[in-house]
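Notes follow the structure.
The values are calculated or read from the model by the stated rules, or taken from the named source; none is laboratory data. Keep in mind the model is a prediction, meaning the values are calculated, not measured. So basically every Cβ, Gly included, is an ideal-geometry build from the backbone, and we count neighbours across all protein chains shown.
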Amino acid sequence: MKEEQEMCQIGRVLRPHGIRGEVKVQVFSDEPDRFRMLDHVYVLNGEDNPRKLEVLSTRNQGAHALITFAGVTDREAAEALAGRTLFIEDDQMLPPPEGKRYIHELIGMEVRTDGGRFSGILADVLDLPAHKVYVVEVEGREVLVPAVPEFILSVDMEQRRITVREMPGLFDEEE
């Protein structure tokens, strides 16, 4: 793995499936056949020690994938992967759908109002049932901004800037 590559979560191993090393995986991608397009993934062993797993076979089971990895040949080896998150490198990612962005591409962008006022830095994106919510870090506190057209006016990837509608009190510290 190239050191400068970022890692992106693509799934989580839920449990072994059968006795021959196959595992059931919760897929984090919108593309149902995502794992079929990969020849390998990574699983973290400790803090910064990724282990490369070669994908031998994949089949879908509803919203999940059943995957066989090279070297994982029995239930005991599959159980050792249970609960582990699977990652890919950024260069293995599929391009996002038209008009969409990956969350990791947005994190760290500056947030400004349509009046040009610097408001903070995008720290996180919450995926709530109704819509996504941007978590903007403003002078050591967090401000939640609904990621809907009424609030988010533009996202400029080149300038790394998100423009939000000026709303009285939105970014002002409460008295």
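Quick notes on this one:
- Residue within the range 65-78 that is surrounded by 12 or more Cβ atoms within 10 Å (Cβ to Cβ) and under 17 Å from the mean Cα position of the chain (by Cα) present: no
- Complete set of residues in the range 112-160 that are touching an Asp or Glu at 6+ places or on another chain (Cβ under 9 Å), within 19 Å of TYR102 (Cβ to Cβ) and touching a residue at least 12 places away in the same chain (Cβ under 8 Å): ILE121, LEU122, ALA123, ASP124, VAL133, TYR134, VAL135, VAL136, MET157, ARG160
For (1) touching a residue at least 24 places away in the same chain (Cβ under 8 Å); (2) under 22 Å from ASP127 (Cα atoms); (3) part of a strand (DSSP E or B), each residue gets a yes or a no:
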| residue | (1), (2), (3) |
| --- | --- |
| GLU31 | yes, yes, no |
| PHE35 | yes, no, no |
| VAL55 | no, no, yes |
| GLY71 | no, no, no |
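- Unique match (being under 27 Å from GLU105 (Cα atoms), free of Cβ contacts under 8 Å to residues at least 60 places away in the same chain and of a type in the set (Lys, Arg)) among ARG59, ARG51: ARG51
- Of the residues making up the range 142-159, those that are farther than 13 Å from SER119 by Cα and either among the small types (Gly, Ala, Ser) or exposed (fewer than 14 other Cβ atoms within 10 Å of the Cβ) (or both) are ALA147, VAL148, PRO149, GLU150, SER154, ASP156, MET157, GLU158, GLN159.
- Applying the set (1) in contact with a Pro (Cβ under 6 Å, 6 or more places away or on another chain); (2) part of a loop (DSSP other than H, G, I, E, B) to ALA78 leaves exactly one unmet item: (2).
- Which listed residue is more than 18 Å from the chain's Cα centre (by Cα) and either buried (at least 16 other Cβ atoms within 10 Å of the Cβ) or part of a loop (DSSP other than H, G, I, E, B) (or both), from ILE88, ILE162: ILE162
- Scanning the range 106-136 for residues that are loosely packed, with under 15 Cβ neighbours inside 10 Å and either basic (Lys, Arg) or outside any strand (DSSP E or B) (or both) gives ILE107, GLY108, ASP114, GLY115, GLY116, ARG117, LEU128, PRO129, ALA130, HIS131.
- Residue within the range 108-124 that is small (Gly, Ala, Ser), closer than 28 Å to VAL27 by Cβ and modelled with pLDDT under 90 present: no
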